[in-house]
Amino acid sequence: MPLALRFPPDQRLETWVAPPPGAAALVRAAARGQRGDWLYLTGPAGTGKTHVLLAACAEAEAAGRRAAYLPLAVARGRLAHALAALEGHDLLALDGIEAIAGQREDEVALFDAHNRARAAGTTVLYAARDIPEALGLTLPDLRSRLGQCVRIPLAPLDEAGRREVLRQRAQRRGLVLEEAALDWLLRRVERDLGSLTALLDRLDRASLAAQRRITVPFLRQTLGL
């Protein structure tokens, strides 16, 4: 269970493409413990919620705070044990609340952990695909607690945003993506950030193995598109 991890270098607040106005500063302040707001990121799959949570953890650790990230889907049915193991951290990033919606024991466990974290002065960042009232949570008190968090709505990236993500992440891998290759990719790949990152990892390995630049012919050959 990935309760804590070395946060990937791609996942930083500085690499958050097209954040909502003021959102990056708000997340940074929360991660560093500079304000008491708890945050609730909401948006469809692929809008960067996990990116922001991992970036917040990295930011917290850079400030000397203990941070942990937990995708609730991996702890479904045993959330009480998973959350108990994280007590004592300064920042908790809890991803995918929808995964436990309708699971009474897990909802109670999250509600109890929420209250303990408040009492301990721990900062909590949540992420879910929808607002608390629309997740199908059966515990009214949990919906109420989540509803008190500051909400940051996220939307899918437009083409310019996707282009910037590809360009930034290629540069960090030492890859050169010509505009023609970028255009070709953007017409054929998935929009979400996770797919873009996985694609670049695949291209990085293939380019290194073949000792070839990433051109349109190389993309056609490698991706079979």
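In the stretch 35-54, the qualifying residues are those that are among the polar types (S, T, N, Q) and modelled with pLDDT under 95, and the one that is farthest from TYR126 (Cα to Cα) is THR47.
Out of the stretch 71-88, which residues are closer than 21 Å to VAL27 by Cβ and either surrounded by fewer than 23 Cβ atoms within 10 Å (Cβ to Cβ) or charged (D, E, K, R) (or both)?
The answer is PRO71, LEU86.
Listed by first and then second residue, the pairs linking a residue in the stretch 133-154 that is on the phi > 0 side of the Ramachandran plot to a residue that is of a type in the set (Gly, Ala, Ser), with Cβ atoms under 6 Å apart and 6 or more places separating them unless they lie on different chains, are GLY136/ALA101; GLY136/GLY102. Does ALA30 satisfy being assigned to a helix (DSSP H, G or I), open to solvent by less than 10 Å² (accessible area, probe 1.4 Å), more than 15 Å from ARG145 (Cβ to Cβ) and among the small types (Gly, Ala, Ser)? It is true that ALA30 is assigned to a helix (DSSP H, G or I), open to solvent by less than 10 Å² (accessible area, probe 1.4 Å), more than 15 Å from ARG145 (Cβ to Cβ) and among the small types (Gly, Ala, Ser). Of the residues making up the stretch 156-174, just one is open to solvent by 50 Å² or more (accessible area, probe 1.4 Å), touching a residue at least 60 places away in the same chain (Cβ under 8 Å) and closer than 15 Å to PRO9 by Cα, namely ARG172.
Only one entry of LEU137, LEU125 meets the criterion of being modelled with pLDDT of 95 or more and assigned to a loop (DSSP other than H, G, I, E, B), and that entry is LEU137.
Apart from one condition, PHE111 fits all of (1) part of a helix (DSSP H, G or I); (2) closer than 30 Å to ARG32 by Cα; (3) open to solvent by 50 Å² or more (accessible area, probe 1.4 Å); (4) at pLDDT 85 or above; the exception is (3). When GLY22, GLY64, GLY46 are checked against the criterion of being in contact with a Leu (Cβ under 8 Å, 6 or more places away or on another chain), on the phi > 0 side of the Ramachandran plot and open to solvent by 10 Å² or more (accessible area, probe 1.4 Å), GLY46 stands alone in meeting it.
Close contacts from the stretch 49-77, counting a first residue that is part of a helix (DSSP H, G or I) and a second that is polar (S, T, N, Q), with Cβ to Cβ under 7 Å and a gap of 6+ residues or different chains, come to HIS51/GLN11; LEU54/GLN11; ALA55/GLN11; ALA58/GLN11. Being closer than 17 Å to GLY48 by Cα, open to solvent by less than 50 Å² (accessible area, probe 1.4 Å) and of a type in the set (Asp, Glu) is a property that does not hold for ASP106. Entry remark, the stretch 26-44: residues being small (Gly, Ala, Ser) and touching a Pro at 6+ places or on another chain (Cβ under 9 Å) number 1 in total. Scanning the stretch 175-225 for residues that are assigned to a loop (DSSP other than H, G, I, E, B), without any contact (Cβ under 8 Å) to a residue 40 or more places away in the chain and either under 22 Å from GLY46 (Cβ atoms) or open to solvent by less than 60 Å² (accessible area, probe 1.4 Å) (or both) yields a count of 6.
The values are calculated or read from the model by the stated rules, or taken from the named source; none is laboratory data. Note that the structure is predicted; figures quoted are calculated from it, not measured. Glycine also receives a Cβ, built like all others from the backbone with ideal geometry; neighbour counts cover every protein chain displayed. Just the protein is used for accessible areas: all its heavy atoms, side chains included, with ligands, DNA and RNA removed. Shrake-Rupley method; radii C 1.70, N 1.55, O 1.52, S 1.80 Å.
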